[in-house]
Amino acid sequence: MSQGSGKISGRAFGGGVADLCARHAIIALALAALSIVYCGWLAAHQLTFEAGQEGLVAQDQPFFDDIDHFYEVFPQLKDTLLVVIDAANMDDAEDLAATMAAKLRAEPELFASVYYPEEDPFFKRNALLFLDVDELNTLVDRLAKAQPALAALSREPNLKGFFSLVDVGVTALESGNDLPPAFTQMMEETAAAVTDLAEGRDLNLSWSSQMMGADDARARIRILMVQPPLERDVMVERRMVKRLRELAAEPDTSRPGASISVTGRLALAYDEIETAKRGVGLAGTVSLLCLGFILFLGLPSLRMNFAILVTLVAGLAWSLGFAAVAVGSLNLISATFAVLFIGLGVAHALHVCLRYREYLMKGMVHFEAIGKAARTTGGAVTLCALTTAIGFAAFVPTAFLGIAELGLIAAGGMGFALVAAFTVLPATLTLVHSEQAEIRKPLLHPLGALISPKRRFAFLGAVFGIIGGIYVALTGVQFNFSVMSIRDPGAQSVQALAFLQEQKIESDFIIMALAPNLEAGEILKHQLSQLPEVSEVRTPLTYVAQDQEEKLYILEDATFFLGPALQITPQPPLTEAERLAAAQDFVDQLATATGQDREALAALEEVADAFNAILNSPDAAARLSRVEEGLTGTALKQIERLQLLLQAEPYGLDDLPQALKDRLVAADGEVRISVFPAEDIVDVKALTRFVQAVKPLAPQATGRPVIETGVGEIVVASFIQAGLYAFFAITLLLFLVLRNTHDTSLVLVPIILAGLLTIATANYFGIPFNFANVIAIPLIFGLGVDSAIHFVLRAKEEHSPTEVVASSTPQAILLSSLTTIGAFASLSLSPHKGIASMGTLLTIGITWSLICTLLVLPALLRISHEARSYLRKSVK
């Protein structure tokens with residue numbers, strides 16, 4: 001195309017507006033300041049944050065209909081927060097669960113419903129029926145061996161009784177008989193517990209573990225299910241999660257080795273928002289520092305740097321105001337826009353500024369230089385703004401609303417950045433300008449010497465890069481649509497959910513299905529249980545214990561020989577003198593204990609030392625009182641618990657607690673079926689296998705795995721659509737503006753190469769595409785083409801690729817690319833793995849775009865220039 005044809009409408013518009021604003025700088029900046037304040041107010045008062053998959057895609061998808069229907073049938077399960085208590089022992093777990101349940105019920109305005117299954121009398125009485133027959137026999141045998149010790153404590157429920165309990169073990173040790181179950185472990189824990197109690201600390205001796213062997217991981221876990229009020233908004237949901245964690249952190253809900261965490265959809269959303277905010281805040285700070293550093297090194301004028309920063313602030317404020325009006329809320333992806341804008345918003349201003357400086361160096365005065373800079377860069381800058389907007393907006397027509405919102409906001413932002421570059425920038429430069437411009441050798445001047453001899457290598461490298469990139473793109477592209485894999489692994493809700501999955505405890509990250517009745521539910525259970533992708537299937541009948549007759553017979557037998565040992569005989573409290581005398585006798589007895597079991601003797605020695613320390617203290621009586629209360633109080637609770645457990649009765653489905661039945665069987669008779677995966681479904685391949693195996697048998701199955709898979713399919717389809725939209729729209733725009741296929745091809749080749757190299761690099765380093773970073777390829781088309789546009793249009797002005805390299809254009813390309821890379825790279829520091837991967841992939845893409853533009857494109861221009869010269873000579 002001719003030089004004159006390069007003067008697209010943006011040149012005249014940019015030059016006229018820039019000249020007007022430069023000559024009326026005070027008025028222009030005053031109007032800009034007013035608009036900045038207004039847009040800032042809009043953003044502060046109308047922009048909100050949302051999280052979760054539901055807002056990422058259109059809601060008219062079948063999998064959303066399925067989960068809506070499920071929650072209509074079982075409203076008790078909707079938006080349930082799970083309070084996960086993982087304690088050092090069962091005693092602490094029950095104590096903490098009861099404490100937390102009482103606290104939550106005291107605040108019904110936030111916690112409408114609190115369901116704690118284990119507190120129901122039904123489970124306190126029938127819990128042993130849920131054990132296997134072999135497990136129950138093992139437990140009864142253990143209790144039989146502990147019968148003498150239990151009897152000693154029941155006869156004297158005080159410190160003397162505890163000493164009698166230990167004496168049973170000492171006698172067995174000295175006579176060479178079998179020790180009571182876990183006697184050595186009990187003595188070791190007793191020594192530590194006595195020391196802690198004497199010092200006023202919490203008891204860490206678990207009588208449930210000693211009596212019943214309840215020391216497996218599942219026995220130490222308790223779950224509270226908490227529902228929010230029906231009438232609520234996002235702020236109420238956030239207050240719920242925050243208040244839950246405050247209550248869990250209070251002193252009376254603290255035990256050694258115990259943790260209380262909160263998970264569920266609302267908690268995951270809360271943590272995701274907080275993670276995104278921290279990540280965006282960190283990335284924003286780092287990107288601003290990078291921007292300042294790059295401008296300081298790349299531009300010789302502090303005045304120009306100041307003008308560029310003012311332009312950035314204006315464009316960002318206008319864009320955020322536009323976002324408040326256009327979308328109203330930001331998701332975790334669109335929240336990154338502010339950081340992206342820090343890198344992208346200065347690109348247009350940099351090109352205008354450097355061209356302005358170039359003209360000052362040629363002797364022009366300020367107004368002449370700013371006017372000509374705006375006119376000569378206006379076409380390229382306007383075209384670049386359009387291509388960048390297309391790259392962002394490519395997702396807008398797709399069903400992937402999460403990035404469509406970012407695309408809409410960012411596309412508008414590019415327009416505001418363009419306006420700011422031709423209004424705020426000239427006005428600010430007028431106020432701060434100096435007619436003197438420091439003369440500095442162009443930053444990329446040595447590149448000219450490199451291009452000529454190496455052009456063929458660059459061309460061949462481009463060819464091989466395109467071929468290899470196409471191969472990788474067709475065979476090695478990886479997609480990971482698992483939300484769990486991109487969340488912050490350190491977030492409490494994420495860790496708690498992973499813990500529940502590991503323990504096979506129900507959460508919404510299992511598949512849930514409905515059957516019309518119990519019989520159909522059992523048939524479906526049988527079918528699903530045959531699948532290798534399924535580890536367990538639960539139906540309402542799962543909660544009806546099997547082999548009840550045999551188990552009740554075992555418990556009846558146990559009651560016969562354990563019953564007398566569990567009858568607590570009330571005794572008057574010991575006096576201080578009695579406690580001191582009993583403790584001294586106990587210590588003296590342990591001092592003479594003998595036997596063959598060295599570990600047991602060592603443990604008894606530790607117990608003796610602990611009591612000796614108390615007896616030698618000035619407040620021995622008070623300490624012994626605390627020890628007695630701590631040791632015997634919890635032991636008596638376990639004896640009472642055993643009494644109730646031995647009174648188990650046969651039951652059926654109708655006998656289950658109503659709160660549980662309502663969560664298993666709906667009012668219309670439909671039953672809930674819970675399907676657990678056999679693999680870790682954080683891995684997207686395992687997730688896909690799990691869903692694809694279950695869905696043919698249960699087409700209406702739902703739950704987070706199904707939603708993730710459905711959303712993932714939409715994301716993949718949207719990625720392909722957006723990539724094609726961006727490529728063809730940008731190609732068409734370039735052809736309409738440049739008006740010939742030759743120049744259009746010169747602009748496109750480097751960016752196609754950069755896109756393919758980005759995919760290949762991501763594949764090499766194992767960076768899959770996910771919900772957040774799929775915007776990378778369409779955006780690389782939109783952003784990467786900008787540098788090529790500037791280079792090609794400047795080549796048309798200068799008539800020589802070498803002269804282009806010696807001009808300010810490559811420096812502007814380098815600086816604008818570096819500021820963009822700085823902003824994108826800062827996102828990779830985010831604790832949110834999805835946002836971090838977006839930053840990483842965009843950094844890789846823009847880096848390749850810069851390399852291809854500064855190395856491959858000049859070589860192509862040089863080869864093209866030589867070829868045309870040769871053809872002209874041949875024609876002559």
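The values are calculated or read from the model by the stated rules, or taken from the named source; none is laboratory data. What you see is a predicted model, and the numbers here were worked out from it, not measured in a lab. Using ideal geometry, Cβ is built from the backbone for each residue, glycine included, and neighbour counts are taken over all protein chains shown. Side chains are part of the model used for accessible areas, which takes the heavy atoms of the whole protein and leaves out ligands, DNA and RNA. Shrake-Rupley method; radii C 1.70, N 1.55, O 1.52, S 1.80 Å.
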For helix 90-105, report the angle its Cα long axis makes with the longest principal axis of the Cα atoms of the chain; keep it between 0 and 90° and round to the nearest 10°.
60 degrees
Gain in span if fully extended, Arg232 to Ser329, counting 0.36 nm per residue against the direct Cα distance
33.2 nm
Farthest towards the positive end of the dipole of the chain, among Phe561, Leu497, Gly371 and with Cβ unit charges of +1 on Lys and Arg and -1 on Asp and Glu, lies the Cα of Gly371
Considering only protein heavy atoms, what per residue accessible area in square angstrom results for region 48-181 with a 1.4 angstrom probe?
41 Å²
With every protein chain left in place, what is the accessible area per residue of region 686-839 in square angstrom, probe 1.4 Å?
29 Å²
What distance in nm lies between label points placed 7 Å from Cα along the C-beta direction at Gln658 and Glu519?
2.9 nm
Go through Lys372/Lys796; Lys695/Lys833; Lys124/Lys551; Lys525/Lys685 and tell me which ones have a Cα-Cα distance over 21 Å in this structure.
Lys695/Lys833; Lys525/Lys685
For Cα Rg over 2.2 N^0.38 Å, with candidates [x] 1.27; [y] 1.16; [z] 1.10, the value calculated from the shown model is option [x]
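Taking all protein chains together and a probe of 1.4 Å, list Glu94, Glu188, Glu502 from the most accessible to the least accessible.
Numbers: Glu94 50, Glu188 85, Glu502 135 Å².
Largest to smallest exposure gives the sequence Glu502, Glu188, Glu94.
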Using a 1.4 angstrom probe and counting only protein chains, how large is the accessible area of Phe769 in Å², to 10?
10 Å²
Tyr38: accessible area at probe 1.4 Å, nearest 10 Å²?
130 Å²
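Could you give the length gained on full extension between Asn612 and Lys637, defined as 0.36 nm per residue of separation minus the Cα-Cα distance, in nm?
Working: separation 25, 0.36 × 25 = 9.00 nm, distance 2.73 nm.
Gain on stretching Asn612 to Lys637: 6.3 nm.
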Can you give me the distance in nm between label points at Glu109 and Leu431, each placed 7 Å from the Cα along the Cα-to-Cβ direction?
4.8 nm
In the chain the accessible area split gives carbon plus sulfur, as whole percent at 1.4 Å, a share of 60 percent
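Between Asp619 and Ile851, how high is the FRET efficiency from 1/(1 + (r/R0)^6) when r is the Cβ-Cβ distance and R₀ = 56 Å? Nearest 0.05.
0.15
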Taking a probe of 1.4 angstrom, what is the accessible area of Arg142 in Å², to the nearest 10?
60 Å²
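Full-extension gain between Thr575 and Asn177, please, as 0.36 nm times their residue separation minus the C-alpha to C-alpha distance. Let's see the in-between values first.
Details: separation 398, 0.36 × 398 = 143.28 nm, distance 3.45 nm.
139.8 nm is the gain from fully extending Thr575 to Asn177.
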On Cα atoms only, tilt of 684-694 relative to the major axis of the chain in degrees:
60 degrees
Note down the nm distance, to one decimal, between modelled labels 7 Å out along Cα→Cβ at Gln61 and at Arg125.
4.7 nm
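From the protein chains alone at 1.4 Å, what is the descending order of accessible area for Lys637, Lys124, Lys160, largest first?
On the way: Lys637 135, Lys124 100, Lys160 70 Å².
So the residues, ranked largest to smallest area, are Lys637, Lys124, Lys160.
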Which order do you get for Arg672, Arg255 if you rank them by accessible area with a 1.4 Å probe, largest at the top?
Arg255, Arg672
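Under a 1.4 Å probe, what is the accessible area of region 227-268 per residue, stated in Å²? Walk me through the numbers before you get to the answer.
Values: 2100 Å² over 42 residues.
On a per-residue basis, 50 Å².
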By how many degrees, 0 to 90 and rounded to 10, does the Cα axis of helix 25-46 deviate from the longest principal axis of the chain?
20 degrees
